[in-house]
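Reviewing the structure listed below.
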Amino acid sequence: MRWGRRGATAAAAPPLPRTAVELRDVTHAYGERTVLAGVSLTLTEARIGVIGANGSGKSTFARLLNGLVVPTAGTVLVDGLDTRTQVREVRRRVGFVFQDPDAQIVHPTVAEDVAFGLTNQGVPADEIARRVDEVLVQYGLDGHRDHPAHLLSGGQKQLLAIAGVLVMEPQRVVFDEPTTLLDLGNTRRVARVVDGLEQDVVVVTHHLDLLAAFDRVLVFEDGRVAADGTPAETVPWYVARCG
Amino acid sequence: MFRAPREEIAVKTRDLAYVALFAAIVAVLGQIPPVPVPGIPVPITAQTLGVMLAGSVLGARRGGLALLLFLAVVAMGAPLLASGAGGLGVFVGPTAGYLYSWPIAAFVVGWLTERFWRRYNLAWALVANLVGGIAVIYAIGIPFTSLYADIPLSASAIGSLAFIPGDVVKAVAASVVAVAVRRAYPVIELPSRRATAG
Amino acid sequence: MLSLYRPGTSLVHRARAGLKLAALAALGTGLFAVARIEVVVAALIGVLAAGLLVARLPAGVLWAQVRPVWLLLTGLFVFHLLLTDPLTGAVAVLRLLTLVLAAAVVTATTRVTALVAVVEWLLRPLEVVGVRPARVGLMVAMTLRFIPVVAERAARIREAQAARGASGMRLGLLVPLLIQVLQLAATLGEALDARGADDVPARRPRRA
């Protein structure tokens with residue numbers, strides 16, 4: 001099925017199903033180095049922010065949510081699906097936007113790249129064309145359809161990366177520092193896109209002001225959740241903690 | 001310092017990425033203008049440096065595939081060879097044998113590198129690159145030209161002599177780079193280690 | 001930009017890519033099997049006619065493909081003049097010239113996607129040993145996509161090194177470049193997973 005997102009159709013369409021992610025006593029280690037230690041969480045909120053110092057485990061946490069990383073111990077469930085055994089189904093529900101769009105754009109031209117995920121899902125060609133057009137218009141890339149991706153600006157590349165994920169219509173989107181490499185103008189553009197999404201989101205970021213209107217913010221510290229609450233509770237605590 | 005969480009990524013797609021990116025590296029090396037070196041008769045192009053590096057860094061299978069992919073992209077019309085040539089023409093030209101040898105050369109460099117991996121250092125790297133990156137290429141390219149252009153083997157061999165000094169320079173360069181990359185970001189995993197790591 | 005394809009609607013353009021590649025292979029084999037000057041000259045005229053008159057390619061397009069081997073061909077002919085006889089030399093050199101020109105015609109009249117489709121078709125028998133022909137197109141696309149990315153990273157490293165006073169060649173450039181590219185590959189692998197590259201069915205439905 002498809003969900004309307006914009007204008008009148010969005011009002012008329014049924015709301016997107018919420019996606020529940022559950023981490024049960026999740027530990028993750030790369031060789032000797034433990035990056036997450038016994039994290040248990042249930043994520044049901046629509047807007048979840050993740051902050052913390054470099055190396056605090058937030059990037060690994062993000063990758064656990066759609067099975068890019070499977071835990072060394074413990075279990076991650078997305079709507080009851082185990083990321084270890086049902087990874088394809090999990091990834092259809094949870095999209096992932098990386099920090100560096102250059103690592104995520106795999107086709108030379110804009111429209112081809114947006115179509116990539118749909119091609120992988122075996123969507124018929126005419127439907128791919130329609131959905132790609134729709135998404136390109138939505139993200140202001142329709143003038144760049146056949147442009148080489150490498151000639152886009154940094155902000156446009158990130159929008160292209162986001163478009164390539166959202167065209168697959170996931171229910172939740174994980175953003176791993178989506179604005180770290182962007183200037184202020186582009187950071188705000190991407191922030192507006194994230195705010196406008198009907199999908200549930202998890203945003204890992206160092207840009208604390210992106211999180212002001214979020215439902216919940218997790219603060220990671222040394223592989224544990226050190227604080228968990230509304231932005232008003234957690235962000236000032238984190239700022240104070242950073243000295 | 002920071003290592004990408006490599007062991008958790010599905011091995012296959014990461015290998016696709018390595019292969020495609022090294023094909024791109026070989027292409028970029030081809031765009032570097034030839035460097036004239038005093039005492040060496042022909043300017044050095046960097047493209048076969050890419051052949052050696054693909055084998056030295058990625059190992060036999062992925063290195064060979066990277067060069068196969070590079071040649072496929074050239075064959076499909078991308079003018080990515082150091083000469084600025086591309087398309088199918090270069091695959092039927094008199095020196096096409098050297099091109100055909102590249103995937104095999106990268107594979108052999110990689111195969112030797114894997115054999116030497118535990119004791120890998122500048123000397124072993126040099127052995128791998130001289131054997132795989134030079135001997136293999138000439139062993140294929142020289143007879144090919146001889147048969148194909150209908151000239152004696154000796155003439156074909158003499159014609160390629162001028163390139164050997166430059167290739168030796170490249171083998172040394174590739175070895176230095178490969179040893180440094182192995183220290184910072186080793187990609188080749190030997191089967192037994194993979195088993196213990198998993 | 002990164003392709004030598006010249007759009008057109010001629011008979012040669014419209015001929016199936018597989019047919020053109022098969023013809024090229026047949027020509028290559030045939031000219032070596034029948035090493036006679038009249039056959040080679042006839043083939044050369046045929047190829048030129050197909051390229052210039054039927055496909056209406058500009059002569060420059062063909063010359064661009066001959067230019068890299070021009071000196072070599074001349075050298076070969078001189079060699080034969082000195083050591084064998086002019087006829088053998090003419091056959092050897094014109095044969096190579098014909099093949100290079102024929103390949104140039106195929107390249108200039110065939111879309112990359114059509115060539116990819118032929119390669120996928122040729123690889124289909126290897127499916128039994130686990131090769132995924134549908135991956136070929138993706139790999140070719142990724143290579144073309146990442147050439148400018150790698151070039152840009154190399155330029156950035158060179159700037160950073162120049163800013164710290166380094167100059168000249170480039171070995172110092174290669175180590176950080178390769179490490180950056182390997183890290184990029186790790187993320188790219190994740191991105192391929194995240195975007196479902198693993199979902200590709202072994203057999204892709206045929207498209208027109």
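Since every read-out is calculated from the coordinates, none of them should be taken as a lab result. Owing to the predicted nature of the structure, the values given are computational and were not obtained by experimental measurement. Because the Cβ atoms are built from the backbone with ideal geometry, glycine has one as well, and the counts that use them run over all protein chains shown.
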Problem - Projected label distance in nm at A:Val239 and B:Val169, using a 7 Å step from Cα toward the beta-carbon - result: 5.8
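Residue by residue through B:169-178, how many Cβ atoms from other chains fall within 10 Å of the Cβ on average?
The shielding value for this peptide is 2.
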Problem - Gyration tensor (Cα) of region B:103-198, equivalent ellipsoid semi-axes in angstrom - result: 33, 15, 8
Handout entry: Per-q log10 I(q)/I(0), region C:11-110, q = 0.12 Å⁻¹ (Debye; single scatterer per alpha-carbon; no solvent)
Key = -0.39
Problem - Estimated distance in nm for a label pair at C:Ala49 and A:Leu181, the labels positioned 7 Å out from Cα along Cα-to-Cβ - result: 5.5
Problem - Zero-based 5 Å bins, Cα pair distances in region C:132-199, whole percents - result: 4, 14, 20, 20, 15, 11, 8, 5, 3, 1
Practice task
Take the Cα of A:Asp146, step 7 Å along the line toward its Cβ, and report every residue of region C:1-43 whose backbone nitrogen sits under 12 Å from that point.
Solution key: C:1, C:7
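If N is the number of residues in region C:105-147, what value comes out of its Cα radius of gyration divided by 2.2 N^0.38 Å?
1.28
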Handout entry: Cα principal axis extents for chain C, largest first, Å
Key = 59, 53, 34
Handout entry: the protein assembly as shown - convex hull of the alpha-carbon atoms, volume per residue in Å³
Key = 171
Exercise for the section: On a 0 to 90° scale, report how tilted helix B:164-184 is relative to the longest principal axis of chain B, with both axes built from alpha carbons and the result rounded to the nearest 10. Expected result: 10
Completion exercise
FRET efficiency (C:Arg14, B:Ala139; Cβ distance; R0 41 Å; to 0.05) is 0.45
Problem - chain B: equivalent-ellipsoid semi-axes (sqrt of 5 x gyration tensor eigenvalues, Cα, Å) - result: 30, 19, 15
Handout entry: Cα pair count fraction exceeding 15 Å, expressed as % - region A:72-145
Key = 65
Handout entry: chain B - percent relative contact order, Cα under 8 Å, separation 6 or more
Key = 23
Practice task
Please express the Cα-Cα pair-distance distribution P(r) of chain A as a list of whole percents, one per 10 Å bin, running from 0 to the bin with the greatest distance.
Solution key: 7, 31, 36, 21, 5, 0
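Once every DSSP H run of n ≥ 4 in chain A is given -39500 (n - 2.57) and the sum is divided by its residues, what mean residue ellipticity at 222 nm do you get, rounded to the nearest 500 deg cm²/dmol?
-10000 deg cm²/dmol
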Exercise for the section: Treat each spin label as a single point 7 Å out from the Cα along the C-beta direction, and report the A:Asp209 to B:Lys12 distance in nm. Expected result: 4.6
Exercise for the section: Return the long-range amide H neighbours of A:Thr27 (sequence gap of 5 or more, or a different chain), with a cut-off of under 5 Å between placed amide H atoms. Expected result: A:Gly38, A:Val39, A:Thr72, A:Ala73, A:Gly74
Practice task
Would you work out the relative contact order for region A:122-228, in percent, from Cα pairs under 8 angstrom that are 6 or more residues apart?
Solution key: 21
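Any idea what the dipole of chain A comes to, in debye rounded to 20, about its Cα centre with Lys/Arg Cβ at +1 and Asp/Glu Cβ at -1?
Here chain A has a charge dipole of around 200 debye.
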